[in-house]
Amino acid sequence: MRTDAADVEQLATAPAFQSIGFGRKFKDNLATVLFAAAFVIAVIPLLWVLWTLLERGLKPVLSADWWSHSFKGLLPTDFGGGVYHALVGTVFEGLVCLVFAVPLGVMVAVYLVEYGQQSKLAKAATFMVDILSGLPSIVAGLFIYALWITTFGMTRSGFAVALSLLLLMLPVVVRVTETMLLIVPNELREAAYALGLPKWKTIVRIVLPTALSGIVTGVMLGLARVLGETAPLLILVGYSSAINFDLFRGEMASLPLTIFMERSTGTIAGEYRMWGAALTLVIVIMLINLAATGLSKIFAIKTK
């Protein structure tokens, strides 16, 4: 009996944590070094790109005329001008894409999560969303060209570009919204049903507001992604160095298309404007990302 009591007392007073062996310490340190090295390797190209953009594009961006003038009347060898015409085209095409992509994407995601479940229509919609997720931008441009211009007889325009961007942004909105709706606890839905709310009102007043923060963030990031596409622009709209406010008629510039066209001039002035437009595009995307962060905090569920 005394021996058992002594053993129990020895076990009770033994240290809770034993010393870590050399092998575990070595593996932990090795993993730390590998992860840190991978981070540095990934950051170096990013910093290099940012430095190159700032070094070559900061001078035109800081020019007084850059944000308020266009390239109208400038020869390929002339310096000066501004990117206002390209900003107008980029903003117009992005807004049209946003207006169509958000309601369509949200409604598709609501159907898949709340109504469709395992139905054949839901499976077909999921399959089509998967296909659109991997669709190259050049294919989206060719499809809109064949449908909108060749079949319907419409002209090349900024609206056709917005339709192609819609095809690229729609699967992003659907996937983000679907993921956020699945995160919403079922207890919220059941509590609303218990209070007598119909399903559609539960979705509108409970489910969507709860997931709104993540949906807004995903939508803004998807918009930032499609604004940098160049291939549909080359097919669906011509480049104009002047400002065009008509989305349905005439040539229209945008930042990616301006970068491509100025690079094709092969002049020092064209390269000067090219780097300025590239830095401007990065600034626009950065502002969209910052807006996504701010809107996410605004629409987030407030808790104590």
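The values are calculated or read from the model by the stated rules, or taken from the named source; none is laboratory data. Just so it is clear, the model here is predicted, and its values are computed rather than measured. Glycine gets a Cβ as well: all are built from the backbone with ideal geometry, and neighbour counts include every protein chain shown. Areas reflect the complete protein model, heavy atoms only, side chains present, ligands, DNA and RNA absent. Shrake-Rupley method; radii C 1.70, N 1.55, O 1.52, S 1.80 Å.
Could you identify which residue out of VAL184, VAL40, VAL207 has the top mean-square fluctuation in a GNM of the chain using Cα springs shorter than 10 Å?
Its mean-square fluctuation being the largest, the pick is VAL40.
In nanometres, what is the gap between the two model label sites at MET286 and GLU114, each 7 Å from Cα along Cα-to-Cβ?
Label at MET286, label at GLU114, 3.9 nm between them.
Can you give the calculated 222 nm mean residue ellipticity of the chain, where each DSSP H run of n ≥ 4 adds -39,500 (n - 2.57) and the sum is split over every residue, rounded to the nearest 500 deg cm²/dmol?
Here the helix-only value at 222 nm equals -23000 deg cm²/dmol.
Using a Förster distance of 41 Å, how high is the FRET efficiency between LEU147 and LYS297, based on the Cβ-Cβ distance and rounded to 0.05?
Given R0 = 41 Å and the Cβ-Cβ separation, E is 0.55.
Let me know the shape class of region 243-292, please: from the alpha-carbon gyration tensor, a ≥ b ≥ c as square roots of the eigenvalues, rounded when a/c is under 1.5, otherwise prolate if a/b is greater than b/c, or oblate.
Verdict is oblate for region 243-292.
When the chain is fully extended, how far beyond the present Cα-Cα distance does LYS72 get from TRP48, taking 0.36 nm per residue of separation?
5.4 nm is the gain from fully extending LYS72 to TRP48.
Keeping all protein chains in place and using 1.4 angstrom, which order do VAL237, VAL113 fall into by accessible surface area, from largest down?
So the residues, ranked largest to smallest area, are VAL113, VAL237.
When the chain is fully extended, how far beyond the present Cα-Cα distance does THR265 get from PHE79, taking 0.36 nm per residue of separation?
Going from the current span to full extension adds 65.7 nm.
Just check region 89-223 against the gyration tensor rule for me: Cα atoms, a ≥ b ≥ c as the square roots of the eigenvalues, rounded for a/c under 1.5, and otherwise prolate or oblate depending on whether a/b exceeds b/c.
prolate
Out of all Cα-Cα pairs in region 22-62, roughly what percent, to the nearest whole number, are more than 16 Å apart?
57
Which of the listed residues, PRO232, VAL43, LEU163, is farthest toward the dipole's positive end in the chain, when Lys, Arg count +1 and Asp, Glu count -1 at the beta-carbon?
Going by the charge dipole, the pick is LEU163.
Set the bar at 31 Å for Cα to Cα. Now go through LYS123/LYS297; LYS59/LYS297; LYS201/LYS297; LYS72/LYS297; LYS27/LYS297; LYS123/LYS199 and name every pair that lies beyond it.
LYS123/LYS297; LYS59/LYS297; LYS72/LYS297; LYS27/LYS297
Decide, for the chain, between rounded, prolate and oblate: order the square roots of the alpha carbon gyration tensor eigenvalues as a ≥ b ≥ c, take rounded if a/c falls under 1.5, and otherwise choose prolate if a/b is larger than b/c, else oblate.
It comes out oblate by the Cα gyration axes.
Exactly which chymotrypsin sites (Phe, Trp or Tyr not before Pro) in region 196-304 are in a DSSP loop and have at most 11 other Cβ atoms within 10 Å?
Filter output for region 196-304: PHE245, PHE248.
Just MET169, MET180, MET154 to compare: in a GNM of the chain, with alpha carbon springs under 10 Å, which one fluctuates most?
Most flexible of the set in this elastic network: MET154.
Build a GNM of the chain with springs between Cα atoms under 10 Å: which of ASN29, ASN244, ASN289 gets the top mean-square fluctuation?
For the chain, modelled as a Gaussian network with Cα springs under 10 Å, the answer is ASN29.
Report, in whole Å, the centroid distance computed from the Cα atoms of region 93-165 and region 202-270.
15
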